[in-house]
Amino acid sequence: MKFKARNIHRDFGYFYIGLIIAFSISGILQNHRQNWHPERYTVEATEITVPAPLAECDVNEAYIGQFSRQFGINDKFRRQSVRKNMLKLSYEKHDVEIDLSSGKGEIVAYQKTPFLSQFNKLHKDTSVWWIYYSDVFGLSLLVIAITGMIMIPKGRFSFRERGWKLALAGLVFPLVFLFLIS
């Protein structure tokens, strides 16, 4: 049993090493997305002024189209919102903020961050084939964990002697954390 478990553990580990690294990096990026945007970086920030005052009801599809042409924003428009008298327009590669009362604002142009944006997409992709591949990956991680437990059947470093304590500590820590934040 030891020899087979070790081989399965090793081979699954080798096969998934790239995905494990990519998921680890994208997971860390997702954890810190409130502090910075890992998928993109600022290329240029430009201060602008539009005629003011601008009423929220005036911001419609025609206004956004005219605004985009006027300021040379050619990428796909995503959404708009108004909070605390600030108009926010979101495009694929630009963000715009305009104070509705003063007309002053800023256009920020972005570029995708090489590699990090692709890694980050791994955690967000919902295509059917990727979901199935991720499910197989999840099951494979279970196989790696189980074979790791039975790989060393005897001795002071075996799961029975030492491993179960570390596994229990590894399980208790996230559970305690979940209860503390609930």
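Within segment 48-57, does at least one residue satisfy the condition of being in contact (Cβ under 8 Å) with a residue 40 or more places away in the chain and in a strand (DSSP E or B)?
Yes, segment 48-57 has at least one match.
Of the residues SER158, SER90, SER127, which is surrounded by 11 or more Cβ atoms within 10 Å (Cβ to Cβ), of a type outside the set (A, V, I, L, M, F, W, C) and either closer than 30 Å to LEU19 by Cβ or more than 28 Å from the chain's Cα centre (by Cα) (or both)? Show your work before the answer.
Working: SER90 fails: either closer than 30 Å to LEU19 by Cβ or more than 28 Å from the chain's Cα centre (by Cα) (or both); SER127 fails: surrounded by 11 or more Cβ atoms within 10 Å (Cβ to Cβ).
Answer to the selection: SER158.
Name, by its number, the condition in (1) surrounded by fewer than 10 Cβ atoms within 10 Å (Cβ to Cβ); (2) touching a residue at least 40 places away in the same chain (Cβ under 8 Å) that does not hold for GLY13. Looking at each condition in turn, GLY13 falls short on (1). Residues that are without any contact (Cβ under 8 Å) to a residue 24 or more places away in the chain and in a loop (DSSP other than H, G, I, E, B) within segment 125-164 comprise ASP125, THR126, SER127, LYS154, GLY155, ARG156, PHE157, SER158, listed in sequence order.
I need a count of the residues in segment 21-46 that are assigned to a helix (DSSP H, G or I), free of Cβ contacts under 8 Å to residues at least 40 places away in the same chain and either within 20 Å of ILE131 (Cβ to Cβ) or hydrophobic (A, V, I, L, M, F, W, C) (or both).
Residues of segment 21-46 that are assigned to a helix (DSSP H, G or I), as a first pass: 21-31.
If we keep only those that are free of Cβ contacts under 8 Å to residues at least 40 places away in the same chain too, we end up with 21, 24, 28, 31.
With the extra rule that they be either within 20 Å of ILE131 (Cβ to Cβ) or hydrophobic (A, V, I, L, M, F, W, C) (or both), the set shrinks to 21, 24, 28.
Total meeting the criteria: 3.
Bear in mind these aren't lab numbers, they're just calculated from the coordinates by the rules spelled out. For clarity, every value in this text was computed on a predicted model and none was experimentally measured. Positions of Cβ are generated from backbone atoms using ideal geometry, with glycine treated the same way; all protein chains shown enter the neighbour counts.
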